[in-house]
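Below you'll find the structure, written out as structure tokens, and then a few comments.
The values are calculated or read from the model by the stated rules, or taken from the named source; none is laboratory data. As the structure is a prediction and not an experimental result, all values here were calculated from the model. As a convention, Cβ positions derive from the backbone with ideal geometry for all residues, glycine included, and neighbour counts pool all protein chains shown.
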Amino acid sequence: MSNVHRMVGFGFLLCLVGALNAQEPKVDAAKIGRARADVATLKMALNQFRLDCDRYPTTKKGLLGLQQCQPGLEKKWRGPYVSKKCAPDPWGRPYVYLAKSPKGKKGFSVLSYGADGKPGGKGINADIVEGSD
């Protein structure tokens with residue numbers, strides 16, 4: 001193979017890598033958008049649970065409370081409130097459910113810790129939170 005062919009091949013490879021890297025922000029935005037939509041859907045399901053059962057699921061029962069009737073709620077429960085098992089967030093981790101609001105009051109918080117899986121962060125690592133407040 002001549003040097004010209006190698007240079008053309010190498011140039012093509014660099015262009016391909018550059019094109020793939022240019023897609024990364026779009027993929028990040030899509031993942032954030034999906035996490036926001038998932039959290040909003042879970043918020044609606046949790047609010048419907050509360051309307052039916054006069055409370056939110058316990059932290060211990062978590063989001064599974066949207067799929068399975070909890071003891072003592074047999075007469076009120078009208079679920080399942082989600083059609084299938086809660087999928088993980090776009091980064092492969094389960095959504096977090098707490099039986100307290102983002103402001104620490106009675107209610108709930110449901111969230112994804114973003115790409116890094118840690119509380120806090122900015123950009124793609126920012127927490128995506130919905131709650132009853």
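Hey, could you check the range 13-38 for residues that are within 17 Å of residue 116 (Cβ to Cβ) and among the aliphatic types (A, V, I, L, M) and say which is modelled with the lowest pLDDT? If we take residues in the range 13-38 being within 17 Å of residue 116 (Cβ to Cβ) and among the aliphatic types (A, V, I, L, M), then 27 is modelled with the lowest pLDDT.
Restricting attention to the range 41-63, which residues are in contact with a Gly (Cβ under 8 Å, 6 or more places away or on another chain) and outside any helix (DSSP H, G or I)? Across the range 41-63, the qualifying residues are 56, 57, 58. Hey, does the range 60-81 have a residue that's in contact with a Cys (Cβ under 6 Å, 6 or more places away or on another chain) and at pLDDT below 90? Yes.
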